[in-house]
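This report concerns only the one structure given below.
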Amino acid sequence: MTKHLPLLAAMLLVSLPVAAQSRKEIPLPASQNPTNASLPIAAAVWAGNTLYVSGWLDPDMKADTDTKSQTVGILEDVQKLLASQHLTMGDVVSMHVYLGTNPATNGKPDFAGMMAGYTQFFGTRDQPNTPSRTTLQVVLPAASRGALVEIDLIAARPT
């Protein structure tokens, strides 16, 4: 038993910082809550050195009526949030992209349009980071307002 005490002590010391991680909520910006409604949603939440960003819509989706322009609009707006937290697109480690049906493509999601917008931000010469990503076809709750894409992501502060 005594030969395992150093290992047990090390495990306890490693687990303490995880349990004591700080948590900080970032409020929704006007771009994601234009009516300033009282919503039980944070724009993002810091847990330790990891930022979890809520589902994001294009703030200009009324003018951006195609999947590519909405993807660009979302990622430009997310860049502002990341910058406010001293992060960049290079710090993004994971994304979920939710593609809604698109009337312009006979009710099918426009994966090519999303990729055309996405590749302007990831895997470029200036920003070579390529986060893990899951893309799903869904019925978007904001589709009635013109949403074709919603994106959430996780970013990690460099150590």
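The values are calculated or read from the model by the stated rules, or taken from the named source; none is laboratory data. Predicted model only: the values in this text are computed from it and were never measured. We place every Cβ from the backbone using ideal geometry, glycine too, and count neighbours over all the protein chains shown.
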Would you pick out the residues in the range 143-159 that are of a type in the set (G, A, S) and out of contact with any strand residue (DSSP E or B) (no Cβ under 7 Å at 6 or more places or on another chain)?
-> A143, S144, G146, A147
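Working carefully through the options D58, D77, find the one that is part of a helix (DSSP H, G or I) and in contact (Cβ under 8 Å) with a residue 12 or more places away in the chain. Break it down stepwise before answering.
On the way: D58 fails: part of a helix (DSSP H, G or I).
Being part of a helix (DSSP H, G or I) and in contact (Cβ under 8 Å) with a residue 12 or more places away in the chain holds for just one of D58, D77, which is D77.
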Return yes or no: is A147 closer than 13 Å to T67 by Cβ and under 17 Å from the mean Cα position of the chain (by Cα)?
-> yes
Return a yes/no flag: does the range 81-91 have any residue that is modelled with pLDDT under 95 and assigned to a helix (DSSP H, G or I).
-> no
Would you say S54 is more than 12 Å from the chain's Cα centre (by Cα), surrounded by 16 or more Cβ atoms within 10 Å (Cβ to Cβ) and small (G, A, S)?
-> no
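Based on this model, can you work out whether M95 counts as surrounded by 14 or more Cβ atoms within 10 Å (Cβ to Cβ) and under 17 Å from the mean Cα position of the chain (by Cα)? Let's see the steps before the verdict.
Numbers: surrounded by 14 or more Cβ atoms within 10 Å (Cβ to Cβ): yes; under 17 Å from the mean Cα position of the chain (by Cα): yes.
So M95 fits the description; yes.
Would you pick out the residues in the range 35-51 that are surrounded by 11 or more Cβ atoms within 10 Å (Cβ to Cβ) and assigned to a loop (DSSP other than H, G, I, E, B)? Explain how you work it out, then say what you get.
Within the range 35-51, the first condition is being surrounded by 11 or more Cβ atoms within 10 Å (Cβ to Cβ), and the residues that meet it are 39, 41-51.
Scanning the range 35-51 gives L39, I41, A42, A43, G48, N49.
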